[in-house]
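Before any comments, here is the structure.
The values are calculated or read from the model by the stated rules, or taken from the named source; none is laboratory data. As the structure is a prediction and not an experimental result, all values here were calculated from the model. When we count neighbours, we look across all protein chains shown, and the Cβ atoms used for this are built from the backbone with ideal geometry, even at glycine. Please note that ligands, DNA and RNA were not included when accessible areas were found on the heavy atoms of the full protein model with its side chains. Shrake-Rupley method; radii C 1.70, N 1.55, O 1.52, S 1.80 Å.
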Amino acid sequence: MTEVSSLTGRLLVATPALADPNFDRAVVLLLDHDEAGSLGVVLNRPTPVGVGDILASWATLAGEPGVVFQGGPVSLDSALGLGVVPGEPHDRSSPGLKAARGAPGDTAEADTVVAGDGPLGWRRVHGAIGLVDLEAPPELLAAALGSLRIFAGYAGWGPGQLEEELIEGAWYVVESEPGDVSSPDPEQLWRAVLRRQRNELAMVATYPDDPSLN
């Protein structure tokens, strides 16, 4: 189903009409999306927990802010790492994310990246963005990673659920950029992503946090 799977690697940007507090002004990177369902992480929900508090060995590779992000409401006790490898092409994606849907924090069974498809311990999701094997020694990736972000939990949708939300107007779908994963100012990411669009979505970036003030 090409039409469904083509959304992997894109961003879901919450519309002002989306009422779910879990996704208010959320920017979600889709890591997997096909007829079996969808999985992604919210890129703009930093927590007060430092990466060093839960994954000390990876703390020096995590970009600013050096905290864990809440990737979504599902499996908050699991950790998922996303890393950007500079120089990787931006139009390639990996189909092998089924293991991540079942247990995004369980990297022990992750496929080993083959030579020529990125560094060991990194599995491409889309272009330069990939999943990091948090069970691997950090020094395997230290030289290759341009940025690293750690997420607790993820966002998940069952078969057809995300499509229904798109029809209802809950999300804008836009292209992702590698810098979205490592934005140093995540609280402004929702507006920044909309502002860079070359259409009417750029105007939505000016939407007030409290519509009653408009």
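Only a single item in (1) more than 19 Å from residue 64 (Cβ to Cβ); (2) surrounded by 20 or more Cβ atoms within 10 Å (Cβ to Cβ); (3) aliphatic (A, V, I, L, M) is not met by residue 143, and it is number (2). Answer yes or no as to whether residue 48 is part of a loop (DSSP other than H, G, I, E, B) and surrounded by fewer than 17 Cβ atoms within 10 Å (Cβ to Cβ). Taking the combined requirement at face value, the residue does not satisfy it.
If you check 24, 106, which single one turns out to be open to solvent by 50 Å² or more (accessible area, probe 1.4 Å), in contact with a strand residue (DSSP E or B) (Cβ under 9 Å, 6 or more places away or on another chain), modelled with pLDDT of 90 or more and among the acidic types (Asp, Glu)?
Working: 106 fails: modelled with pLDDT of 90 or more.
It is 24.
Counting residues in the stretch 10-29 that are within 21 Å of residue 145 (Cα to Cα), in a loop (DSSP other than H, G, I, E, B) and of a type in the set (D, E, K, R) gives one or more. Counting the residues of the stretch 30-45 that are surrounded by fewer than 21 Cβ atoms within 10 Å (Cβ to Cβ) and either of a type in the set (Asp, Glu) or assigned to a strand (DSSP E or B) (or both) gives 3.
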